[in-house]
Amino acid sequence: MNTVSQPTILFFDSGMGGFSVYKETKQLLPNCHYLYCFDNAFFPYSEKTEKKIIERVLMICQDINSKYPLDLIVIACNTASTVVLPSLRAHFSIPIVGTVPAIKPAAEHSETKHIGLLATKGTVKRSYVANLISQYAGDCIVEKIGSTKLVEIAEQKLHGKAVDLVALKEELKLWENIVDLDVVVLGCTHFPLIKEEIEWCLPQVRLFIDSGKAIALRVKHLLSKIEVRSKKMEKNLIFCTQSFDDEVDFQRVLNFWGFEKLIHLNISE
Ligand code: DGL
């Protein structure tokens, strides 16, 4: 990577969950030009059809790329990554990094060989995930919880609302009495943002794993191999796909995460 140039990286998620991945990358590569898009008009992705998710992610990434030429895209969403990566790679020649559940490290770290996958309703059903499990966790019992409620709770927290611990505990009730469940995969990028609350509900779990750090390292590696398109210093920007109630307060959240401006995209349904 040319040290004078500043690669433009887009992080994409349905909501604020992608911040958990962006945070790790920004820490490792503080000087990149960061764009973050949350598709709030279509949030949550959890139970949406695969076809519609593919259409929207493609449409939005193309729209942003036409205005702000991108060097790399991170799909900071497991629900989207488990279906959209082949189409994105067919449309773009830049590197596309996906976020998929960290099944392999979870199986490796588990002593009891009884692990959990906590993800969205869509992700737990994907054939992509079934393949990951049969390839890397064949020696484990893999429990799965697919939840839309947890995504909504995490999203609310990022908008400054209190976490509903009763509702959260209810969502995790199935695992309460599985005493040998020792490793849990946080297979939705929203969940590291409520990790402490999840830990509180599942005290028997020794380790919670997400993909954030691995993605940051992958981004660094890929950037070292490309010629950067943008050469001048740019502002870090955040995009949404519809207006929302607390936009004025949201300016603080945005600044906290290192973005200067919120831009509304006009994306048709
Ligand atoms: N944060 C996303 C994920 O990693 C999607 C959450 C949603 O919109 O359902 O799966």
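No value in this document is a laboratory result; all are computed from the given coordinates. What you are looking at is a predicted structure, and each value in this text was computed from that prediction instead of being measured. Every residue, glycine among them, receives a Cβ derived from its backbone with ideal geometry; neighbour counts consider all protein chains shown.
Hey, got the dipole for the chain? About the Cα centre, +1 on K and R Cβ, -1 on D and E Cβ, debye to the nearest 20?
Roughly 920 debye for the chain.
Residue farthest toward the positive end of the dipole of the chain, with Cβ of Lys/Arg at +1 and Asp/Glu at -1: which of His33, Val129, Leu254?
His33
Which entries of Lys157/Lys195; Lys48/Lys169; Lys51/Lys104; Lys149/Lys261; Lys48/Lys173 show an alpha-carbon separation above 21 angstrom in the structure shown?
Distance filter (> 21 Å) returns Lys48/Lys169; Lys51/Lys104; Lys149/Lys261; Lys48/Lys173.
Under 1.5 on a/c is rounded, so check that first for the stretch 64-208, then, if it is not, pick prolate when a/b is larger than b/c and oblate when it is not; a ≥ b ≥ c are the square roots of the alpha carbon gyration tensor eigenvalues.
Verdict is oblate for the stretch 64-208.
Using only Cα atoms, tell me the angle between helix 19-28 and the longest principal axis of the chain; keep it within 0 to 90° and round to the nearest 10.
Orientation of helix 19-28: about 70 degrees from the principal axis.
Once the Cβ-Cβ distance between Val163 and Lys125 is put in as r, and R0 is 35 Å, what FRET efficiency do you end up with, to the nearest 0.05?
Taking R0 as 35 Å, the efficiency between Val163 and Lys125 is 0.85.
Under 10 °C and 1.306 mPa s, how fast does the stretch 150-269 diffuse according to Stokes-Einstein, given a Kirkwood radius computed over C-alpha pairs? Answer in µm²/s, whole number.
In µm²/s, the coefficient rounds to 90.
Determine the dipole magnitude for the stretch 1-150: charges of +1 sit on the beta-carbon of Lys and Arg, -1 on that of Asp and Glu, nothing else is charged, the reference point is the Cα centre, and the result goes in debye to the nearest 20.
300 debye
Helix 50-67 against the longest principal axis of the chain: what's the angle in degrees, Cα atoms only, rounded to the nearest 10?
30 degrees
Give the Cα extents of the chain along the principal axes, in whole Å, largest first.
Its Cα atoms span 54, 41, 34 Å along the three principal axes.
How big is the equivalent ellipsoid of the stretch 116-161 along its three axes, where each semi-axis is √(5λ) from the Cα gyration tensor, reported in whole Å from largest to smallest?
27, 10, 8
Counting only C-alpha contacts under 8 Å and six or more residues apart, can you give the relative contact order of the stretch 162-269 as a whole percent?
Relative contact order for the stretch 162-269 comes out at 21 percent.
Per-residue ellipticity at 222 nm for the chain, helices alone: DSSP H runs ≥ 4 residues times -39500 (n - 2.57), over residue total, nearest 500 deg cm²/dmol?
-12000 deg cm²/dmol
Enter the angle in degrees (range 0 to 90, nearest 10) between the Cα long axis of helix 78-91 and the first principal axis of the Cα atoms of the chain, meaning the one along which they spread out most.
Its long axis makes an angle of about 40 degrees.
Using a simple charge model, +1 on the beta-carbon of Lys and Arg, -1 on the beta-carbon of Asp and Glu, nothing else, what dipole does the stretch 107-199 show about its Cα centre, in debye to the nearest 20?
460 debye
Over the chain, what is the mean sequence separation of C-alpha contacts under 8 Å (at least six apart), divided by residue count, expressed as relative contact order in percent?
Once divided by the residue count of the chain, the mean separation gives 27 percent.
Within 10 Å of each residue's Cβ, count the other Cβ atoms and sort Asp249, Asp164 from fewest upward.
Going from sparsest to densest Cβ surroundings: Asp249, Asp164.
Measure off 7 Å from each Cα along the Cα-to-Cβ vector at Met59 and Lys220, then give the distance between these two points in nanometres to one decimal.
Label at Met59, label at Lys220, 3.8 nm between them.
Which order do the peptides 17-30, 197-210 come out in when sorted by mean C-beta neighbours inside 10 angstrom, highest first?
17-30, 197-210
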